[in-house]
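Take a look at the structure below.
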Amino acid sequence: MAAPLILALGGTRSGKSRFGLARTKELAGDGRAWFLATAMAGDPELDDRIRRHRAERPADWPTVDVGIDLASAVTATQPTEPILVDGLTLWLAMLLGDETPDIDPILEGPIAAAYEAIAARPGSAVVVSDEVGLGIVPMHANARAYRDLVGIAHQRLAAIADEAYLFVAGLPVTLKGRR
């Protein structure tokens, strides 16, 4: 089991990524950690966001571009060194695609495989993800499927996590674990 496995949830600009980076640095100590990147460059705002996140990380941290296979990205890291996955929701959006799918095969396939890979590694893991389920029920079927996929994925990851936090206005609310 990843020791510890930490989940940081929150809305946009809530402080979750800053926490994830700080906690991963703490876990790495004088060593390095691995950054598992889920964002794919493609528009000026996202490109700038990616650039700023890269500048905040230590230069010696290897970056693995996750694509659609988070499990393979996790196993490509050095298993005793910490990993930081930021952010889970972008990866989930890639899995969902543009059509309205049945989310069960996604939950039981690539998500289950990713969580098994994270749990199997001896090194620590910090996963950062957007909480999307606090708003209204979306009118579009694909948006509802995405909201449901993210909510269930978060529940399953929180169940195996040692620590879980919800970030609001830059402040952590401890859901599970260390206080």
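The values are calculated or read from the model by the stated rules, or taken from the named source; none is laboratory data. Since the structure is predicted, the reported quantities are computational estimates derived from the model, not experimental observations. A quick note on method: Cβ atoms are made from the backbone with ideal geometry, for glycine too, and the neighbour counts reach across all protein chains shown. Side chains are part of the model used for accessible areas, which takes the heavy atoms of the whole protein and leaves out ligands, DNA and RNA. Shrake-Rupley method; radii C 1.70, N 1.55, O 1.52, S 1.80 Å.
Just need a number here: residues in region 146-170 that are in contact (Cβ under 8 Å) with a residue 60 or more places away in the chain and open to solvent by less than 40 Å² (accessible area, probe 1.4 Å).
The initial filter retains those residues of region 146-170 that are in contact (Cβ under 8 Å) with a residue 60 or more places away in the chain, namely 150, 153-154, 157-158, 160-170.
Those still in the list that are open to solvent by less than 40 Å² (accessible area, probe 1.4 Å) too: 150, 153-154, 157-158, 161, 163-165, 167, 170.
Counting residues in region 146-170 that are in contact (Cβ under 8 Å) with a residue 60 or more places away in the chain and open to solvent by less than 40 Å² (accessible area, probe 1.4 Å) gives 11.
For region 1-51, what are the residues that are touching a residue at least 60 places away in the same chain (Cβ under 8 Å), open to solvent by less than 60 Å² (accessible area, probe 1.4 Å) and of a type in the set (S, T, N, Q)?
SER14, SER17, THR24
Counting just the residues of region 54-80 that are assigned to a helix (DSSP H, G or I) and touching a strand residue (DSSP E or B) at 6+ places or on another chain (Cβ under 8 Å), which one comes out nearest to ALA114 (Cα to Cα)?
Residues of region 54-80 that are assigned to a helix (DSSP H, G or I), as a first pass: 54-56, 70-75.
Pick out the ones that are also touching a strand residue (DSSP E or B) at 6+ places or on another chain (Cβ under 8 Å) and you get 54, 70, 73-74.
On the way: ARG54: 23, LEU70: 5, ALA73: 9, VAL74: 7 Å.
That would be LEU70.
Among the helices (runs of 4 or more DSSP H) confined wholly to region 81-123, which include 1 or more residues that are among the charged types (D, E, K, R), open to solvent by 20 Å² or more (accessible area, probe 1.4 Å) and within 22 Å of GLY20 (Cβ to Cβ)? Step through it out loud before you land on a result.
Numbers: elements: 88-96, 103-106, 112-120.
Where helices (runs of 4 or more DSSP H) fall fully within region 81-123 and carry at least 1 residues being among the charged types (D, E, K, R), open to solvent by 20 Å² or more (accessible area, probe 1.4 Å) and within 22 Å of GLY20 (Cβ to Cβ), they are 112-120.
Which ones in region 28-53 are in contact with a helix residue (DSSP H, G or I) (Cβ under 9 Å, 6 or more places away or on another chain), assigned to a loop (DSSP other than H, G, I, E, B) and modelled with pLDDT under 85?
Matches in region 28-53: ALA39, MET40, ALA41.
Exactly one of (1) assigned to a strand (DSSP E or B); (2) touching a Lys or Arg at 6+ places or on another chain (Cβ under 6 Å) is unmet by LEU166. Its number?
Exception for LEU166: condition (2).
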